[in-house]
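The values are calculated or read from the model by the stated rules, or taken from the named source; none is laboratory data. Everything numeric in this text was worked out from a predicted model, so none of it was measured. In this analysis, Cβ positions are derived from the backbone assuming ideal geometry, glycine residues included, and neighbour counts consider all displayed protein chains.
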Amino acid sequence: MSGRTEAQLRELGLTLPVPAVAVANYVPFVASGSLLFVSGQLPLDQGRLVAAGHLGDTVAVEDGYRAARQCALNLLAQAAAALDGDLDRIRRLVRLSGFVACVPSFVDHPKVINGASDLMVEILGDAGRHSRVAVGVAALPLGAAVEVDATFEIAA
Amino acid sequence: MSGRTEAQLRELGLTLPVPAVAVANYVPFVASGSLLFVSGQLPLDQGRLVAAGHLGDTVAVEDGYRAARQCALNLLAQAAAALDGDLDRIRRLVRLSGFVACVPSFVDHPKVINGASDLMVEILGDAGRHSRVAVGVAALPLGAAVEVDATFEIAA
Amino acid sequence: MSGRTEAQLRELGLTLPVPAVAVANYVPFVASGSLLFVSGQLPLDQGRLVAAGHLGDTVAVEDGYRAARQCALNLLAQAAAALDGDLDRIRRLVRLSGFVACVPSFVDHPKVINGASDLMVEILGDAGRHSRVAVGVAALPLGAAVEVDATFEIAA
């Protein structure tokens, strides 16, 4: 990996994780035309969930924020794998969908998913400004507190 | 704004709201090629939620329907902002994703999200007929009863 | 319908169901450029739900898996309708979004949605390998246990 996006990661002291391998009949990403669809990422850091449980119950908003940030880092790791390591080929982050495991009374989903949004803009600059949807769900795979998927526009 | 879509809004006595400003590191819409991705919209009318709470609990289906209609109006307001006010540049509403905050026993999500679907077809005519997914979620931002996002195909 | 995809369906002893008709102001699919967006499909088999209720409560993982498989079959039926019966025009299944109605303690969403992923790869081969998101929701239309939507890349 090289170029300005890598420099920005270094500047922030961040290292892209090894992208998770899909463990079933799906794949971590599919490119179609200029769109790159990346599968939903859990907040896994070296194989462990950064946050498990439900917001509004055992998981605080700050923990959810950190988990969403980890999801975003994992999304970028998958994008790097899709782009032969060249994240500068990302022209725009088009869409983030953020899913927050929460109790019915929870209302601060945006504050949680901001963890993913902030990381994307920190790393990608204006190209990281995206459209977004954030919702609260009953539960997520492995008991994760957050899951985020992404659609990027990429250069050929 | 001008043209047949504006005329249709006038005919129905509807006024597009001032589009909500995103309050974080995301934006209300991103265009990529001929697709316009609009962020999830809550049923806000002049800053107040049309319906808060959960379907099957304190929110009746008719109230959810009205909330979904407001989400759709807000989606069109964002689309108008993206298209310099010219909604006639919408070639097709491609996709609506409808999220309904509900109790586990609720089953009438389609009747709720019809509020958004109906408004789109009233305003856009056949170009408003869309593919759709409707699901019931644990909770939504601000305690909203409904959230809807949209993908449009637009003319250059 | 003809060609290798039909042969594969026959080989597996599967028949595409009659695609469900949308019962409101939305449609079962919309094509935009080379993308085909198919509406969320419930696990209906001849008008009856293959699985109703919540995973982690009354619905076992194997039942959820079978339901997701039925959703995938219904997605292919809609794709066939969109493509004049020629599923060989599918260049790639780009994205599956899988929604699992579940209790908050449920964690095996991937095992459930694998039912849809497996069916797609059985029928479409490598073109069926897709990006995916799987989440657990509070409830689904009609009380269904699973709902899946799809985005395909299609040949002109």
(request) Determine which single condition A:Leu36 fails, assuming it passes every other condition in (1) in a strand (DSSP E or B); (2) more than 16 Å from the chain's Cα centre (by Cα). (result) (2)
(message) Looking only at the range B:118-133, count every residue that is closer than 27 Å to C:Leu140 by Cα, in contact (Cβ under 8 Å) with a residue 40 or more places away in the chain and either hydrophobic (A, V, I, L, M, F, W, C) or in contact with a Gly (Cβ under 8 Å, 6 or more places away or on another chain) (or both) and tell me the total.
(response) 3
(request) Hey, can you tell me all the residues within the range A:1-33 that are assigned to a strand (DSSP E or B) and in contact (Cβ under 8 Å) with a residue 24 or more places away in the chain? (result) A:Phe29, A:Ala31
(message) Name the residue that is nearest to the other protein chains (Cβ to nearest Cβ), counting only residues in the range A:2-44 that are surrounded by 12 or more Cβ atoms within 10 Å (Cβ to Cβ) and on the phi > 0 side of the Ramachandran plot.
(response) A:Gly33
(request) Determine whether the range B:45-63 contains at least one residue that is closer than 24 Å to B:Ala127 by Cα and of a type in the set (Ser, Thr, Tyr). (result) no
(message) On the basis of being out of contact with any Leu (no Cβ under 6 Å at 6 or more places or on another chain) and surrounded by fewer than 23 Cβ atoms within 10 Å (Cβ to Cβ), does A:Leu55 make the cut?
(response) no
(request) Would you confirm whether any residue within the range B:119-133 is at pLDDT 95 or above and under 11 Å from the mean Cα position of the chain (by Cα)? (result) yes
(request) Go through C:Glu147, C:Glu153 for me and flag whichever is at the interface with another protein chain (Cβ under 8 Å from one of its Cβ atoms), in contact (Cβ under 8 Å) with a residue 40 or more places away in the chain, among the acidic types (Asp, Glu) and surrounded by 24 or more Cβ atoms within 10 Å (Cβ to Cβ). (result) C:Glu147
(message) Out of the residues in the range B:58-86 meeting the condition of being within 12 Å of chain A (Cβ to nearest Cβ) and over 17 Å from B:Ala134 (Cβ atoms), tell me which one is surrounded by the fewest Cβ atoms within 10 Å (Cβ to Cβ).
(response) B:Thr58
(request) Keeping to the range A:107-144, report how many residues are over 26 Å from A:Arg89 (Cα atoms) and either in contact with a Cys (Cβ under 8 Å, 6 or more places away or on another chain) or more than 9 Å from every other protein chain (Cβ to nearest Cβ) (or both). (result) 6
(request) Filter the range A:52-76 for residues that are touching a Phe, Trp or Tyr at 6+ places or on another chain (Cβ under 9 Å), assigned to a loop (DSSP other than H, G, I, E, B) and touching a residue at least 60 places away in the same chain (Cβ under 8 Å) and give the result. (result) A:His54
